[in-house]
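Read the figures in this text as sums done on the coordinates, not as results from a lab. Keep in mind the model is a prediction, meaning the values are calculated, not measured. For neighbour counting, all protein chains shown are included, and Cβ atoms are generated from backbone atoms with ideal geometry for every residue, glycine included.
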Amino acid sequence: MLYFLDTADVEAIRRAIEFYPISGVTTNPTIIAQRGKNVVDTIKEIRACIGDDRMLHVQTLGETSEDMVREANILRDAVKGNFYAKIPVNEQGIKTIQILKKDGFNVTATAIFTQQQALIAGVAGADFVAPYVNRLDNISSSGIKVVEDIVSLIKNYSLNTKVLAASFKNVEQVHQVSLAGAHSVTLNPELCANLLYHPLTQESIIDFILDGYNYYNL
Ligand code: G3P
């Protein structure tokens, strides 16, 4: 399992990477807007925080393939290091994924809501495909089922594509996609902390401290 942070909050990223095994950061235009700064300034801040080795996934905004390719080049040149262009899976996006892969980019296909969108993106060469679990659950569909099927399709066709499950609102959703075989998840920092939390763990640690206090003169 690879854990990503789905945020542009640099302070939250700094805190999370101190404690958690974080492989990278994912952003989208909404997340960038929440930071309230230009995209290039924001992703440079994130890169400075996470270093060159961790993955940084940044989405393009253009509506044509030409614009997506142009923006992907600008974004990659701005942050260098381990960079992934996030491309949405409409027709222009699938064309873009194939161009970017020929140009040597790492690519994450995003805004995925169906199994077949993921399969086409994988065949086009996407390194990651990002299904939106909670947004599916919210329309009485099953985000977990979609992730499970995408994992099977990737195996069936021996694709070198990983599932980057996204859009989570609770720990149970993360648990279910990990059971389904998702290769990675991207989480907001609060949810990341919730994965670890259990009141009995807190209680046990306090009990150990009280019990061992006079016997651990280390
Ligand atoms: O970055 C894509 C995905 O994580 C969006 O999540 O919470 O806006 O549905 P959310």
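So here's what we get for this one:
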quantity: Residue among Asn170, Asn160 that alone is closer than 24 Å to Val58 by Cβ, of a type in the set (S, T, N, Q), surrounded by fewer than 15 Cβ atoms within 10 Å (Cβ to Cβ) and free of Cβ contacts under 8 Å to residues at least 60 places away in the same chain; calculated: Asn160
quantity: Of residues in the stretch 106-125 being surrounded by fewer than 21 Cβ atoms within 10 Å (Cβ to Cβ) and under 19 Å from the mean Cα position of the chain (by Cα), the one farthest from Phe168 (Cα to Cα); calculated: Gly125
quantity: The stretch 75-104 residues that are without any contact (Cβ under 8 Å) to a residue 24 or more places away in the chain, paired with ones that are surrounded by 15 or more Cβ atoms within 10 Å (Cβ to Cβ) and assigned to a strand (DSSP E or B) (beta carbon under 9 Å, 6 or more apart); calculated: Asn90/Ala111
quantity: Wholly enclosed helices (runs of 4 or more DSSP H) of the stretch 1-99 bearing at least 2 residues over 18 Å from Asn188 (Cα atoms) and either within 15 Å of the chain's Cα centre (by Cα) or within 14 Å of the ligand (Cβ to nearest atom) (or both); calculated: none
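Yes/no matrix, rows are residues, columns are (1) polar (S, T, N, Q); (2) farther than 18 Å from Thr26 by Cα; (3) away from the ligand (no atom under 16 Å from the Cβ); (4) surrounded by 15 or more Cβ atoms within 10 Å (Cβ to Cβ):
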site: Ala166; (1), (2), (3), (4): no, no, no, yes
site: Leu191; (1), (2), (3), (4): no, no, no, yes
site: Tyr197; (1), (2), (3), (4): no, yes, yes, no
site: Ser204; (1), (2), (3), (4): yes, yes, yes, no
site: Asp211; (1), (2), (3), (4): no, yes, yes, no
